[in-house]
Amino acid sequence: VRTGAIVIPSFSYRRRDKFEALMEEPLNIKNTGDLEADARDGALQFLARFERHLQKEPGQWGVLERVWESDPANGK
């Protein structure tokens, strides 16, 4: 929002011995003067597109950051 940069959602899929990459239409990032609301709207636009890919092929995605504070296997 601050820079006016074009945001193009891009995704890749593992396909046997290669990767398939695709780029979607740019997000429609608004600049209404309310930075927080505009950033939230842009994030929600991206998440809606990501959600479609995640639902289509959930096995393609993994979390690379810690999700839970404790380790369920150790009870900590």
Revision key, fill the gap. Note: Q60 to F19 extended length (0.36 nm per residue) minus current alpha-carbon separation gives 13.6 nm
**Study point:** Unit charges on C-beta of K, R, D, E only; dipole of the chain, Debye
**Key:** 320 debye
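I'd like the carbon and sulfur percentage of the solvent accessible area for the chain, probe radius 1.4 Å, heavy atoms only, ligands and nucleic acids excluded.
Ligands and nucleic acids excluded, carbon and sulfur reach 53 percent.
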Revision key, fill the gap. Computed over the chain, protein heavy atoms only, probe 1.4 angstrom, the accessible area per residue in square angstrom equals 88 Å²
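Which FRET efficiency value, to the nearest 0.05, do you get for W68 and D38 by plugging their Cβ-Cβ distance into 1/(1 + (r/R0)^6) with R0 = 35 Å?
0.65
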Review point. In the full protein assembly as shown, how much of E57 is accessible to a 1.4 Å probe, in Å² to the nearest 10?
Key: 40 Å²
Check your understanding: Using alpha carbons only, how many degrees (0 to 90, rounded to 10) separate the axis of helix 35-56 from the longest principal axis of the chain?
Key -> 50 degrees
Review point. Relative to the present Cα-Cα distance, how much length would full extension add between A48 and T3 at 0.36 nm per residue of separation?
Key: 14.0 nm
Point to revise | Heavy-atom SASA rank of V63, V7 (probe 1.4 Å, accessible area, largest first) | key: V63, V7
Review point. Considering only F46, L35, A21, whose Cα is most displaced toward the positive end of the charge dipole of the chain, charges sitting on Cβ of Lys, Arg (+1) and Asp, Glu (-1)?
Key: A21
Review point. Can you give the calculated 222 nm mean residue ellipticity of the chain, where each DSSP H run of n ≥ 4 adds -39,500 (n - 2.57) and the sum is split over every residue, rounded to the nearest 500 deg cm²/dmol?
Key: -10000 deg cm²/dmol
Practice item. Kindly report, to the nearest 10 Å², the accessible surface of D17 as traced by a 1.4 Å probe over protein heavy atoms only. Key: 140 Å²
Point to revise | Cα extents of the range 1-75 along the three principal axes, largest first (Å) | key: 48, 38, 20
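The values are calculated or read from the model by the stated rules, or taken from the named source; none is laboratory data. Note that the structure is predicted; figures quoted are calculated from it, not measured. FYI the Cβ positions are ideal-geometry reconstructions off the backbone, even for glycines, and counts take in every protein chain you see. Side chains included, ligands, DNA and RNA excluded: accessible areas come from the protein's heavy atoms. Shrake-Rupley method; radii C 1.70, N 1.55, O 1.52, S 1.80 Å.
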